[in-house]
Amino acid sequence: MDLRSPYVISIVELPRQEGASMNWEATLDAPSDMGVEMIGVPAGSPVRVALTLHSVSEGVYVSGTVSTRLVGQCARCLRDIAEDVTESVGELVFYPERRAALVEEGDEEAAAAQVVEHDHIDLEPILRDAVVLALPFTPLCRPDCPGLCSECGQPWDELPTDHHHEQVDSRFDALAELEAELRDQEQQ
């Protein structure tokens, strides 16, 4: 854990007494990996965080919201999209001794859980999970986006309603030539 990271916060002022809590708010620069291929938070853009840290017997329960702006492309028409989102945060960060006890008891999920280190919590993975796990698998500019014409690649929204492409199958070229010859013979 890099204590110089703006995502690492001190909980020295949070008593280890169950029920104790402290509020924490900040606007941070987004890390470079807060998104997926088609949509995400651009690196360095503002991420507004409003959290309450609660002391519980197992560790510190982090709850609140993270707000930011998503930028990406529509999966159907490839138009640029941008939207403001606010996601809920709710995650337990274990005290090291409590996580070790759970791992010893056979709790496989606890082994991957985040821990409080030297009275500090790294919020970056918590906030990243809150935003990235809420991202749409296929982002759309609008729910009824018709996409692109498969022939010319133009957005269907920009094309006339009678737009179509002549489907020519080269396997029938010989028949087309024969038809043309027969028509020529009929005209003579």
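Every residue, every condition in (1) of a type in the set (A, V, I, L, M, F, W, C); (2) in a helix (DSSP H, G or I), yes or no:
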| site | (1), (2) |
| --- | --- |
| A134 | yes, no |
| C141 | yes, no |
| D144 | no, no |
| D157 | no, yes |
| A180 | yes, yes |
| E186 | no, yes |
Test: L127 is surrounded by 15 or more Cβ atoms within 10 Å (Cβ to Cβ) and over 30 Å from P15 (Cβ atoms): no
Matching option when the condition is exposed (fewer than 12 other Cβ atoms within 10 Å of the Cβ), at pLDDT 85 or above and either outside the structural domain of V36 (by TED's automatic domain parsing) or in contact with a Gly (Cβ under 8 Å, 6 or more places away or on another chain) (or both), among D80, D173: D80
Residue identified as over 19 Å from V8 (Cβ atoms) and touching a Phe, Trp or Tyr at 6+ places or on another chain (Cβ under 8 Å) among G90, G106, G59: G90
Which listed residue is farther than 13 Å from V89 by Cα and either surrounded by 14 or more Cβ atoms within 10 Å (Cβ to Cβ) or touching a residue at least 24 places away in the same chain (Cβ under 8 Å) (or both), from S55, S63: S55
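The values are calculated or read from the model by the stated rules, or taken from the named source; none is laboratory data. Being a predicted model, the structure only gives us computed values, none of them experimental. Reconstructed Cβ throughout: ideal geometry from the backbone, glycine too, with neighbour counts over all protein chains shown.
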